[in-house]
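To start, the structure under review is shown below, and the notes come after it.
The values are calculated or read from the model by the stated rules, or taken from the named source; none is laboratory data. On a predicted model such as this, the values are computed, not experimentally measured, just so you know. Cβ: placed from backbone, ideal geometry, glycine included. Neighbour counts: every protein chain shown. Just so you know, the surface numbers come from the protein's heavy atoms only, side chains and all, with ligands and any DNA or RNA stripped out. Shrake-Rupley method; radii C 1.70, N 1.55, O 1.52, S 1.80 Å.
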Amino acid sequence: GGVVTLRSLSPLAATVAGMKEERVDAAQRVLDAQGQIRRDRHRVLVAAAVCYSRSVATVACLLTEHTVAGPSDEPEFAGARSGDSAMLSQPQSPPPSPTRSVLSVLRQRLGDACNEIGKVLLTEVTGILSSKSQAPSKEDIADLKPSGPLLLSAQFWFTEGLAHFSECHDLANVALLRCNLCQCCKIRANANVMLPRLKSPESGRGTNHHSDATHAEICLQDAADHLQRAHEAFGERDVDPATWDMVSEELGATFLVLGVRRRQSLLGGGTTPIVVQALRLNPGKERSIVEPMSRSLEIYQALGNAHQAAAAHYQLALFYSRVWTCQRDEAKTREKLSAAFDHYGAAHGYFFDAMQGNEPTFVILTLDLSNFYSAVSGEIGCVSKALMCCVDACDAFSTEAIVAASKRRSKCSRAPDDDGWFEKMTTLAGSVEERVFKLLQTLVKMEKDAGSKVVK
């Protein structure tokens, strides 16, 4: 693979050194197994890309020659031959020289063709990955083999399109291609993609990657880099507000996922506070988690996206609620504890007011906040607040919430919290009930102990 000509119109245009040939062959079989119309469409797109590429090269060459020769050095053109005799006509004006506008149009057409081919291949990759579970079996792994060559080929075509749009200064399409390359990086972060796992020295740019960054973190950082470069190309929002905001939305989501991945990588899962000093993060690692999440929060606030801003607050709260217990001094402990309460408060405030449609998220948030209050102090005040957090969750199980969820299901809502809403809420109801009973038992015991002390 790697060479595209009019004799070979396969979109599989890129492979990597060391990739097994069987995976490339498997990818080609996936494309060949499609219907005739789709296969013809692929060939037409590749043929268009090849032809536009040759046209761009030709016009660019003519334009260069014309620029070097200068208008006074244009050659004279002979007249047409008629019969056996050839007559030299009077010197005519040469045909118009290729203009930069023509070259720009050709580059735009070439960029469009490359982008369309990349989108076709990316669709195939997402289709293969979505059909398999997160923990694929041996049989699934065989079906996943085409994903690597297809993803690399999609990345190749997007990169080609980006280069041509950049040449003709088509900023809107530069941003769109950067977004598509961002999607390629995010998909490569998926453990199921059959490609070599990246390490920091292999990541290309390197400066934004930590020496112990995981494969997923490297891919997500590269995704964020593409989006930041899209912003750099615009310079400022006023150039194209709609496209700028689209890139910002994607960048905010990427930063948030990157921060969560780093938190999970460095602290592990769960919400239990860290109490072992040996597990305390150094300032650099702590900053590597907080910075992308904070930037995500800033982006969403600037866009006026209150929902995603609340999600960013929630993730920051989860981080601070785990690290406040292992700080080097009391001042740092208070700082992290205060940050955890601030972010929890902001997230709780939003989801409490916008509970409908977000019930599962709100209930999980209240349970986390309840556990946080219990971890802060065993005093009756904190335990009471932990209980009140669970009481706040009652509205999420109301008749109105159930009726609204039923209506959304009948309309085939695709919102994340509506996917399996009733199953999620049934499970969460048990968790809330268990938590309430535990807290009530604790409060009763505390009141009994307090009464015994008064009697004595």
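Under a 1.4 angstrom probe, counting protein chains only, how are MET246, MET425, MET388 ranked by accessible area, largest first?
Numbers: MET246 75, MET425 10, MET388 105 Å².
Largest accessible area first, the list is MET388, MET246, MET425.
State the extension gain, in nm to one decimal, for the chain segment bounded by ASP342 and SER294, taking 0.36 nm per residue of separation less the distance between their alpha-carbons. Mind dumping the intermediate values first?
Values: separation 48, 0.36 × 48 = 17.28 nm, distance 1.33 nm.
So the extension gain works out to 15.9 nm.
Among rounded, prolate and oblate, which fits region 195-351 when a ≥ b ≥ c are the square roots of the eigenvalues of its C-alpha gyration tensor, a/c under 1.5 means rounded, and a/b larger than b/c means prolate?
Oblate, since a/c reaches 1.5 and b/c is not below a/b.
Quick one: what are the phi-derived ³J(HN,Hα) couplings along region 442-450, Karplus 6.51/-1.76/1.60 with θ = phi - 60°, whole Hz, x for glycine and proline?
My calculation for region 442-450 gives 5, 5, 4, 5, 5, 5, 5, 4, 5 Hz in order.
What shape does region 370-455 take by its C-alpha gyration tensor, where a ≥ b ≥ c are the square roots of the eigenvalues and a/c under 1.5 counts as rounded, a/b above b/c as prolate, and the rest as oblate?
Here region 370-455 falls in the prolate category.
Residue separation times 0.36 nm, minus the C-alpha to C-alpha distance between LEU62 and ALA163: what's the value?
34.3 nm
For each pair in LYS145/LYS199; LYS424/LYS445; LYS385/LYS424; LYS332/LYS385, compute the distance between the two Cα atoms and list the pairs where it is over 30 Å.
Working: LYS145/LYS199 21 Å; LYS424/LYS445 32 Å; LYS385/LYS424 25 Å; LYS332/LYS385 24 Å.
In this structure, LYS424/LYS445 exceed 30 Å between Cα atoms.
How much accessible area per residue does region 370-455 have, counting only protein heavy atoms and a probe of 1.4 Å, in square angstrom? Intermediate values should be presented prior to the final figure.
Values: 5620 Å² over 86 residues.
Roughly 65 Å² per residue, with all protein chains present.
Provide the solvent-accessible area of HIS226, counting protein heavy atoms only and rolling a 1.4 Å probe, rounded to the nearest 10 Å².
Counting only protein heavy atoms, the figure is 20 Å².
Read phi for every residue in region 394-411 and hand back ³J(HN,Hα) as whole Hz from Karplus 6.51 cos²θ - 1.76 cosθ + 1.60, θ = phi - 60°, with x for Gly and Pro.
Karplus-based 3J(HN,Hα) across region 394-411 equals 4, 4, 5, 9, 5, 4, 4, 5, 5, 4, 4, 5, 5, 5, 5, 5, 5, 8 Hz.
State, to one decimal in nm, how far the label point of ASN282 lies from the label point of GLU236, with both points 7 Å from Cα in the Cβ direction.
4.1
What figure in square angstrom, to the nearest 10, would you give for the accessible area of LYS119 with a 1.4 Å probe?
In the full protein context, LYS119 sits at about 90 Å².
Given a Förster distance of 30 angstrom, what is the FRET efficiency for GLU22 paired with ARG229, based on the Cβ-Cβ distance and rounded to 0.05?
0.25
Which far-off residues, 5 or more places away or on another chain, put their amide H under 5 Å from the one on MET194, with H placed in the peptide plane?
For MET194, the qualifying residues are SER147, GLY148.
Could you please put TYR344, TYR350 in sequence from largest to smallest accessible area, using a 1.4 Å probe?
From most exposed to least exposed: TYR350, TYR344.
Would you mind working out the magnitude of the charge dipole of region 370-455 relative to its Cα centre, with +1 at each Lys and Arg C-beta and -1 at each Asp and Glu C-beta, to the nearest 20 Debye?
80
With a 1.4 Å probe and all protein chains in place, put ILE141, ILE187, ILE218 in order of accessible area, largest first. Don't skip to the answer; put the middle values down first.
Numbers: ILE141 70, ILE187 25, ILE218 0 Å².
Order by accessible area, largest first: ILE141, ILE187, ILE218.
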